[in-house]
1. Return the residues of the stretch 59-76 that are surrounded by fewer than 17 Cβ atoms within 10 Å (Cβ to Cβ), in contact (Cβ under 8 Å) with a residue 40 or more places away in the chain and within 16 Å of Gly237 (Cβ to Cβ); say none if nothing qualifies.
2. Going residue by residue through the stretch 168-176, is there one that turns out to be closer than 22 Å to Tyr27 by Cα and in contact (Cβ under 8 Å) with a residue 40 or more places away in the chain?
3. Please tell me if Leu171 is farther than 20 Å from Pro53 by Cβ and either touching a strand residue (DSSP E or B) at 6+ places or on another chain (Cβ under 7 Å) or modelled with pLDDT of 95 or more (or both).
4. Could you list, in sequence order, the residues of the stretch 93-115 that are under 12 Å from the mean Cα position of the chain (by Cα) and part of a strand (DSSP E or B)?
5. Could you list all residues from the stretch 193-208 that are buried (at least 23 other Cβ atoms within 10 Å of the Cβ) and over 16 Å from Val133 (Cβ atoms)?
6. Quick check on Ala132: is it surrounded by fewer than 17 Cβ atoms within 10 Å (Cβ to Cβ) and of a type outside the set (Lys, Arg)?
7. If a residue counts only when it is over 15 Å from Val136 (Cα atoms) and touching a Gly at 6+ places or on another chain (Cβ under 9 Å), which strands (runs of 3 or more DSSP E) contained entirely in the stretch 158-237 have at least 1 such residues?
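The values are calculated or read from the model by the stated rules, or taken from the named source; none is laboratory data. Not measured: the values here are computed from a predicted model. A quick note on method: Cβ atoms are made from the backbone with ideal geometry, for glycine too, and the neighbour counts reach across all protein chains shown.
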Amino acid sequence: MVRFLTIAALSLALTAAVQAADSKLDYDHQEQWKAARDTAQSPIDIVTADALPAGKDEPAALQFDHLRAPAEVVDNGHAVEVETNTTQATIRGRHFTLAQFHFHARSEHTLDGRHFPLEGHFVFKAQDGRLAVVAVMYDSGAANAQVQALLDDLSHKTGHPGSDEIDINGLLPAKRGYYHYLGSLTTPPLTENVEWYVLPAPVTMSQRQIDGFVAHYRHNNRNLQPRNGRPLIHYEG
């Protein structure tokens, strides 16, 4: 049975996560990160052959609304982050609001051992404080207009937070199948009981755009963590 954290505990975890975001993280010495660690950490290698199919009676779809939203692009000290709170999601039948999304180079999760150049984490929060992260893989290919808008905003700050709009749909794959497991935040305090939805269908951006992110953070991915027998569910979409 899934264990739920109290609202107070999650609030403390979020506060600590924000404090951690204010300082650079040493990704070359991750063993020195100060955090409470247990046996359900993220990221993991998604071994597709180990995944169990989602039940047919399970409300498994990821549905997104209000995808065109005001956003502010910031450098939070360890990642390029986009702050926005307009986009809504229905995840397995429950309502969530997008708090922010950010990027890791290279990907934190792997698919059958394969890394992607970038991974985006779309962090959703429910009214009771529960966290769900939708992970999107990015690969080299056709240029992406929405990615370019983010990079342009990061390079030329207007000084008016929230004045720019982004079409988040352009940052998500058309195929919304996913691999689901329970894990943790991937930065201190590494709080567990976070729902993960890893979308295997990649979104493309040009190599120049990838280089634009890498120019800010070349190595800000946490090391892979053991799965420790946690269930891995696959929803085809």
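1. Hit for the stretch 59-76 is Ala61, nothing else.
2. No, the conditions are met nowhere in the stretch 168-176.
3. yes
4. Answer for the stretch 93-115, where residues must be under 12 Å from the mean Cα position of the chain (by Cα) and part of a strand (DSSP E or B): Leu98, Ala99, Gln100, Phe101, His102, Phe103, His104.
5. Matches in the stretch 193-208: Met205 only.
6. The answer is no for Ala132.
7. 192-205, 233-235
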